Each structure stands twice: as structure tokens, then as C-alpha cells.
Amino acid sequence: MKKYNVFILAAVFILSASNLFAQKIKSGDVTVLKGQTLINLRYDYSDMAVGKYKSESDYVANRTQDMNKKQSGSGDQWAQSWVNDRAARFQPMFEKNFNGKLEEVGVTAKEGASDAKYTLILRTVFTEPGFNVGVTRRNAYIDVMVDLVETAQPDKVIATIEMKGLQSVNMMGYDFDTGGRIQSCYDRAGDNLGKFLVKNVYK
């Protein structure tokens, strides 16, 4: 029993460590943010693969069709929620947790802060929606690239932070809702990016 408990603790430590270091600077220098107390946020899903599909449009079309076959209109309703959840659930959750870390150093980040000198563009490049059908389940996870740009020159990328494998929380097995699982990924993304910037820029 003691060996089993040690194994469980080791596994938890490894998973926690891999999550903590799931982000790295891919290019450029993020220290230009030092001294800035306001950061603008933008979100980009335009070049996102989903699950086994290379394009989001293919995933949504196939999923919508399959669901409509089972119950008329359910697929169309799901497709609308798939898009609406971004502004309603994912982005607010990201900002809440991101700001929860940044407030420790007197910094605020929000969408639409056009007077901020710098903007972080959160580009979700991959989403694994996961599933939970009771007897078996799979965590959702996202891969994100965060581009740091000047708000006045958004096409000129100063630095890029790579965040890979941001997994959803298990939710004690009650994560049946796709949107809920993915929201949990953005929860983790906000935490991780906030910790990363506090450590690498503001302290």
C-alpha cells in the first residue's frame, strides 16, 4: 500500500510539473512588458485544428451533421454554442485567472484596452474537445500561441510564447459538456500565462 501511495504522489508531481512548464518563449523578448500596467488582449481562432480534423470548419460540419441525424436541430444548436462559448465562457475564464496572477504585480489585462501600448494575441491553434460518455472519457486540451505586439502595429510580432497541452480538469468525472471541458483549459491557460509573465517579466 505504501509503494502504491508513493507512486500516486509521484504521478501527481510529474503531471503538475509538466503543466507548470507547458509554456516557453518560442521567439523574441517579453521583457518589453516590464513597467506596463495595462495590457490589451485579443483572441484568434482562425487557424485552429480540432481533434483529427485539420480545419475547424470540417470538424464543425461533420459534428453538426452527425448530431442532426440523431436529433433534428441539435447539431445546429451545438454549432452555435461552439462559437458563442468563446466570448461567453472561454475568454472571461482566461481573463479572470490571468488577472488573478497579474494583480499581484499591479498589472491588468483586458480585451478592448486600445490605449495599452502592448497587446497579447491569444491564438488557439489546436483544440482536442475530449469526451465523457460515462464508461469512458478523455480530457480536453488546447495548444496556444501568444503573440506580443505593439497595439499600434499588430502585424509586427515582438515575441511569441508557446503553450502546449493545456488540459481540462477532471471535474470529478462530471465533465459531460464539451464547452465546460474546453472552458477548463482556458482556466488553466490564464493561470499558467499569468505565472509565467510574473516570473519572467515583473519579478
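Summary table
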{"read-out": "Residue list for the range 98-112, filter: crowded, with 16+ Cβ neighbours inside 10 Å and not charged (D, E, K, R)", "value": "F98, N99, L102, V107, A109"}
{"read-out": "Condition check for V198: assigned to a strand (DSSP E or B), out of contact with any Pro (no Cβ under 8 Å at 6 or more places or on another chain) and at pLDDT 95 or above", "value": "no"}
{"read-out": "Any hit, the range 81-92, residues being closer than 14 Å to Y45 by Cβ, in contact with a Lys or Arg (Cβ under 9 Å, 6 or more places away or on another chain) and assigned to a helix (DSSP H, G or I)", "value": "yes"}
{"read-out": "Any chance N40 is modelled with pLDDT under 95, under 27 Å from I161 (Cβ atoms) and of a type outside the set (A, V, I, L, M)", "value": "no"}
{"read-out": "Any hit, the range 148-165, residues being modelled with pLDDT of 90 or more, over 17 Å from R42 (Cα atoms) and either assigned to a strand (DSSP E or B) or within 13 Å of the chain's Cα centre (by Cα) (or both)", "value": "yes"}
{"read-out": "Complete set of residues in the range 124-134 that are out of contact with any Ser or Thr (no Cβ under 8 Å at 6 or more places or on another chain) and modelled with pLDDT of 85 or more", "value": "T124, V125, F126, T127, E128"}
{"read-out": "Residue ID - surrounded by the most Cβ atoms within 10 Å (Cβ to Cβ), chosen from residues in the range 65-97 that are among the polar types (S, T, N, Q) and more than 29 Å from G190 (Cβ to Cβ)", "value": "N68"}
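Residue by residue, here is whether (1) part of a loop (DSSP other than H, G, I, E, B); (2) within 17 Å of V146 (Cα to Cα) holds:
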{"site": "S57", "(1), (2)": "no, no"}
{"site": "N68", "(1), (2)": "no, no"}
{"site": "A116", "(1), (2)": "yes, yes"}
{"site": "T119", "(1), (2)": "no, yes"}
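The values are calculated or read from the model by the stated rules, or taken from the named source; none is laboratory data. Fair warning: this is a prediction, and the values are worked out from it, not measured in the lab. Because the Cβ atoms are built from the backbone with ideal geometry, glycine has one as well, and the counts that use them run over all protein chains shown.
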